[in-house]
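Engineer: Below you will find the structure I want to go over with you.
Read-outs: derived from the displayed coordinates by stated rules, not from any lab. These figures come from a predicted structure and were not determined experimentally. Quick reminder, even Gly has a Cβ in these numbers, built from the backbone with ideal geometry, and neighbours come from all protein chains shown.
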Amino acid sequence: MEALGAQRLLQCWDGARDEHPLRRALALLDAAWPEVGAARWGALPLGARDARLIALHEALFGTALETRVDCPACGAELETPLSTGELATPPAPADDPPPLVEDGIAVEWRLPTSDDLLAVLEADDDAADAAERLLARCVRAARRGDAALAPQELPEPLIERLQQAMAERDPGADLRIALACPACGQAFERRFDIGSHLFGALDDWTERLLDEVHALASAYGWSEAEILALPAARRRHYLARIQA
């Protein structure tokens with residue numbers, strides 16, 4: 001965490017805390033790797049984006065992930081320790097996927113990105129059409145012979161094959177964890193959102209940091225900027241002295 005700098009992390013938290021969770025995740029990546037450029041993060045396939053978020057979690061908070069979910073069968077809360085290593089998936093190939101051909105229809109397509117999800121989620125249309133709108137953004141061209149087809153004209157079996165091809169090409173786009181309830185034995189699966197988990201960890205860190213700033217400012221009269229410029233180890237040493 002100190003490699004990123006307390007001041008920059010706090011600024012990121014301040015600027016992103018009221019944003020959509022997707023925008024929060026992109027803001028964290030931009031804060032950690034500003035040389036990449038904000039636009040590039042939004043254009044990455046989802047698996048590549050989440051791989052960088054996992055790496056950022058490891059750098060800031062370590063490899064341990066604590067998950068809390070309710071059992072869908074009995075409602076018991078499960079606390080399940082998880083490691084970032086368990087979320088590792090093969091990266092999507094960097095080259096464009098080959099066209100998908102079925103029943104005389106050829107579809108040129110690409111993997112969905114954060115920009116696609118934001119465009120779909122923030123649209124004014126009915127949320128029930130979200131999957132259809134996302135598919136339309138990812139279909140570059142569709143043809144039956146010489147005739148062009150709109151994405152909504154694709155037959156359902158071809159759409160299902162396209163969705164399967166996307167999942168196979170970018171398995172990290174939909175991180176899921178297998179769980180079992182110790183209370184009732186129910187086995188189930190949950191999607192794991194590394195971006196939301198990481199920002200939640202940043203929330204907790206921010207609360208602790210602001211408590212430190214308050215204590216040190218009250219004891220020594222230092223400004224927030226002066227306190228944040230101190231390495232974490234030195235802040236802890238000063239805190240130990242005023243709490244002794």
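Engineer: Ordered by residue, what ³J(HN,Hα) values in Hz, to whole numbers, does segment 44-54 give under the Karplus form 6.51 cos²θ - 1.76 cosθ + 1.60, where θ = phi - 60° and Gly and Pro are x?
Structural biologist: 6, x, 4, x, 5, 4, 5, 4, 6, 5, 5
Engineer: So, one more: How many nm separate the modelled label positions at Tyr220 and Arg140, each set 7 Å beyond the Cα in the direction of the Cβ?
Structural biologist: Computed distance between label sites Tyr220 and Arg140 equals 5.6 nm.
Engineer: Can you give me the distance in nm between label points at Glu132 and Glu168, each placed 7 Å from the Cα along the Cα-to-Cβ direction?
Structural biologist: 2.7 nm
Engineer: May I ask you to evaluate 6.51 cos²θ - 1.76 cosθ + 1.60, the Karplus curve with θ = phi - 60°, for each residue of segment 81-98 and list the ³J(HN,Hα) values in order in whole Hz, giving x for glycine and proline?
Structural biologist: Per-residue couplings from phi come out as x, 9, 10, 4, x, 6, 9, 5, 9, x, x, 5, x, 6, 7, 5, x, x Hz.
Engineer: Mind checking the dipole of the chain: about its Cα centre, +1 per Lys or Arg Cβ, -1 per Asp or Glu Cβ, Debye to the nearest 20?
Structural biologist: With only Lys, Arg, Asp and Glu charged at Cβ, the dipole is about 860 debye.
Engineer: Separate question: How large is the helix-only mean residue ellipticity at 222 nm for the chain, computed as the sum of -39500 (n - 2.57) over DSSP H runs with n ≥ 4, divided by its residue count, in deg cm²/dmol to the nearest 500?
Structural biologist: Counting only the DSSP helices, I get -15500 deg cm²/dmol.
Engineer: If you wrap segment 155-244's Cα atoms in a convex hull and average its projection over all directions, what's the area in nm²?
Structural biologist: 11.7 nm²
Engineer: Considering all projection directions equally, how large on average is the shadow of the alpha-carbon convex hull of segment 100-169, in square nanometres?
Structural biologist: If I average the Cα hull's projected area over directions, I get 4.7 nm².
Engineer: For Kirkwood radius over Cα pairs in Å, one of (1) 21.0; (2) 20.3; (3) 18.4 was computed from the structure I shared and the rest are decoys. Which label?
Structural biologist: (1)
Engineer: State to the nearest 20 debye the size of the charge dipole of segment 100-169 about its Cα centre, where the only charges are +1 on K and R beta carbons and -1 on D and E beta carbons.
Structural biologist: With Lys and Arg at +1 and Asp and Glu at -1, about 380 debye.
Engineer: Right, next: Does segment 1-140 come out rounded, prolate or oblate, given a ≥ b ≥ c as the square roots of the eigenvalues of its C-alpha gyration tensor, rounded meaning a/c under 1.5 and, failing that, prolate meaning a/b above b/c?
Structural biologist: Prolate, because a/c is 1.5 or more and a/b exceeds b/c.
Engineer: Averaging sequence separations of C-alpha pairs under 8 Å and six or more residues apart, then dividing by the length of segment 100-169, give the relative contact order as a whole percent.
Structural biologist: About 36 percent, as a whole number.
Engineer: In which sequence would Phe199, Phe188 go, from the one with the fewest C-beta neighbours within 10 Å to the one with the most?
Structural biologist: Phe188, Phe199
Engineer: Moving on to the next point. Just name one of Leu158, Leu230, Gly195: the one whose Cα is farthest towards the positive end of the charge dipole of segment 129-244 (beta-carbon charges, Lys/Arg +1, Asp/Glu -1).
Structural biologist: Leu230
Engineer: Shifting gears a bit: Can you sort Ser114, Ser218, Ser196 from fewest to most other Cβ atoms within 10 Å of each residue's own Cβ?
Structural biologist: Final ranking by Cβ density, sparse to dense: Ser218, Ser196, Ser114.
Engineer: Then there's this: Taking Cβ-Cβ under 4.7 Å as the only way to count a partner, pick out the unpartnered cysteines of the chain.
Structural biologist: Isolated Cys, the chain: Cys12, Cys138.
Engineer: Ordered by residue, what ³J(HN,Hα) values in Hz, to whole numbers, does segment 111-120 give under the Karplus form 6.51 cos²θ - 1.76 cosθ + 1.60, where θ = phi - 60° and Gly and Pro are x?
Structural biologist: Per-residue couplings from phi come out as 7, x, 10, 4, 4, 5, 4, 5, 4, 6 Hz.
Engineer: Let me ask you something else. What is the set of long-range amide H partners of Leu78 at a cut-off below 5 Å, with H atoms built 1.01 Å from backbone N?
Structural biologist: Long-range HN contacts for Leu78: Val69, Asp70, Cys71.
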